[in-house]
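Only the coordinates and a few stated rules stand behind these numbers; no lab work does. Computed from a predicted model, the values in this text were never measured in an experiment. Cβ placement follows ideal geometry from the backbone for every residue including glycine, while neighbour counts extend to all protein chains displayed.
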Amino acid sequence: MPQDPLAARMVALAHRRGIRQFVKFGVVGIIGAIVDFSTLFVLKEFLQFNLYVANTFSFTAAVCSNFLWNSLWTFRGAFTGRRRHRFLPFLVVSILGLGINQVILYAAHEFTGLEDYQYGYLVAKAIATVVVMVWNFIVNKLWTFRWEW
């Protein structure tokens, strides 16, 4: 039975390195989100940390987790420099991504009518998360994990 040419092209595209890296980057991002949210919850709810102190620790834990998994798994073939020299650019990209996330979240929630819905902020957060995931992948691939120090 002949294979559909479009399906064959889609399968070939899925095997390309960039697509695989993007999927791996997404998996690492999900792990990072779990680290971030669970650390925040434990510090705030069980250990009674101030919300902003807890958030600082949870963000830092997620950035460290993401850096480790991205350097060991997602970008391992392109990772030729020393890890400690890659962490600062990764942190800068992550902080800029957080800023972009906040701006998109605010704009999507406040200016699209989503604020009129009980869970509209979750839709706005999803939009921001997708945009920032693409931002983080592109900038980390082109800058953080490619630079030679």
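Annotations for the structure displayed:
- Residue-by-residue Karplus 3J(HN,Hα) for region 70-75, coefficients 6.51, -1.76, 1.60, Hz, glycine and proline x: 5, 6, 8, 10, 5, 10
- Spin-label pair residue 4/residue 91, simplified geometry with 7 Å Cα→Cβ offset, distance in nm: 4.9
- Converting phi to 3J(HN,Hα) with the Karplus coefficients 6.51, -1.76 and 1.60 and the offset θ = phi - 60°, region 132-138 yields 6, 4, 5, 4, 4, 4, 5 Hz in sequence order, with x at every glycine or proline.
- Close amide-amide hydrogen proximity is noted between residue 49 and 44, each under 5 Å apart and 5 or more residues distant or on a separate chain (H modeled in the peptide plane; Pro and chain starts excluded).
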